Amino acid sequence: MLKERLEFLRGPGGLRAAGYFGLKLITRIDVFRIVWILTRSNTSLMLPPGWRYLSLHTEEALSGLSRAMIERVAEQCGPNPKQLVGRGGSLHLLVAGDSLVAQLSIERGPNCRVDSPPLLLGMAETDAFLGYLYTWPAYRRQGAARCLIAATVSDLSPHNVRRILAHVRATNVPSLAAFEHAGWKTGATILCTLSGRLLMAPGAARARLTVRPVANAPKVG
Ligand SMILES: CC(C)(COP(=O)(O)OP(=O)(O)OC[C@H]1O[C@@H](n2cnc3c(N)ncnc32)[C@H](O)[C@@H]1OP(=O)(O)O)[C@@H](O)C(=O)NCCC(=O)NCCS
């Protein structure tokens, strides 16, 4: 355990994350980073042998997955996969045979609801929001998140998406590093109380984003 913690501190962004942990303990404030990237098609994406990238934009595409796979995806997906594609979103998966390697969900602009913290984001029509990035534990630290993010950025380019945004807790070193290594930029910061109440969102206007609290949102954390 001590070894893991030391590795975390020595890892990319470890000291910065430790600073945010300290800030959170003292002030009871949670800090989130909004990261973004412009879409572009990339024809030179290479996946490790045996891995496949799937992008699912319609119910018909979802029906190509086995029931067991859909149930597995739904465990980490937030919205039900059917509802997600039903409202114009998409599901992006890396699979190895019958196993799920990593997954993420895409919601389309201009409005998107974030579950944690409970917020409403206003974006451009051609923006999309990436959420629920998850690498299944057996496949962590093998470049899965990086590959999946890069494949999704490329996949969305012909779907009339110009920019993709995501939010990451400032203490989530692995996730921030995965985005930074994939070339994402930090666009704004969101400060909330630990119960999820929005305090401020510096840099949001510059990032062409509005951030509003969800009325009567249930308390989290
Ligand atoms: C965050 C998460 C998606 C990373 O997935 P992953 O497939 O292991 O990430 P990758 O192997 O693509 O790693 C990309 C980079 O992230 C960083 N990273 C990944 N895991 C890390 C860890 N445990 N500690 C420090 N850095 C880490 C590294 O810089 C890594 O590059 P490197 O291996 O060349 O050094 C995964 O840990 C996860 O699912 N966590 C739980 C859910 C979560 O936090 N989701 C993000 C919500 S925004």
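Of note:
- Under Karplus coefficients 6.51, -1.76 and 1.60, residue-wise ³J(HN,Hα) of segment 92-99 in Hz, glycine/proline x: 10, 10, 10, 10, 10, x, 8, 9
- Here is how the number arises for the chain: DSSP H runs of 4 or more residues each give -39500 (n - 2.57), the sum is divided by the residue count, and the result at 222 nm is -8000 deg cm²/dmol.
- Estimated from the Cβ-Cβ distance and a Förster radius of 35 angstrom, the FRET efficiency linking ARG146 and ASN111 is about 0.75.
- ARG52-ARG208 pseudo-label distance in nm [points 7 Å out on the Cα-to-Cβ vector]: 3.7
- Loop-resident trypsin sites (Lys or Arg not before Pro) (DSSP state other than H, G, I, E or B) in segment 172-213 with no more than 16 further Cβ atoms inside 10 Å of their Cβ: ARG197, ARG206, ARG208.
- Taking a straight line from the alpha carbon of LYS24, not one of the aspartates and glutamates sits under 19 Å away once near neighbours fewer than eight places off in the same chain are left out.
- Stretchable slack from LEU120 to HIS159, in nm (0.36 nm times residue separation minus alpha-carbon distance): 11.7 nm
- Computed from backbone phi, the HN-Hα couplings of segment 144-151 come to 5, 4, 4, 5, 5, 4, 5, 5 Hz, rounded to whole numbers (Karplus: 6.51 cos²θ - 1.76 cosθ + 1.60, θ = phi - 60°; Gly and Pro given as x).
- Between the alpha-carbon centres of segment 95-126 and segment 147-199 there is a gap of 10 Å.
- Note, ³J(HN,Hα) from phi for segment 155-172, Karplus 6.51, -1.76, 1.60, rounded to Hz, x at Gly and Pro: 5, 7, 4, x, 9, 6, 10, 9, 9, 10, 10, 8, 10, 9, 4, 4, 8, 8
- As a ratio to 2.2 N^0.38 Å, the alpha-carbon radius of gyration computed for segment 2-213 takes the value 1.02.
Any read-out appearing in this document is the output of simple, stated calculations on the displayed coordinates, not a laboratory observation. This one's a predicted model, so the numbers in the text were calculated from it and none came from an experiment. For neighbour counting, all protein chains shown are included, and Cβ atoms are generated from backbone atoms with ideal geometry for every residue, glycine included.
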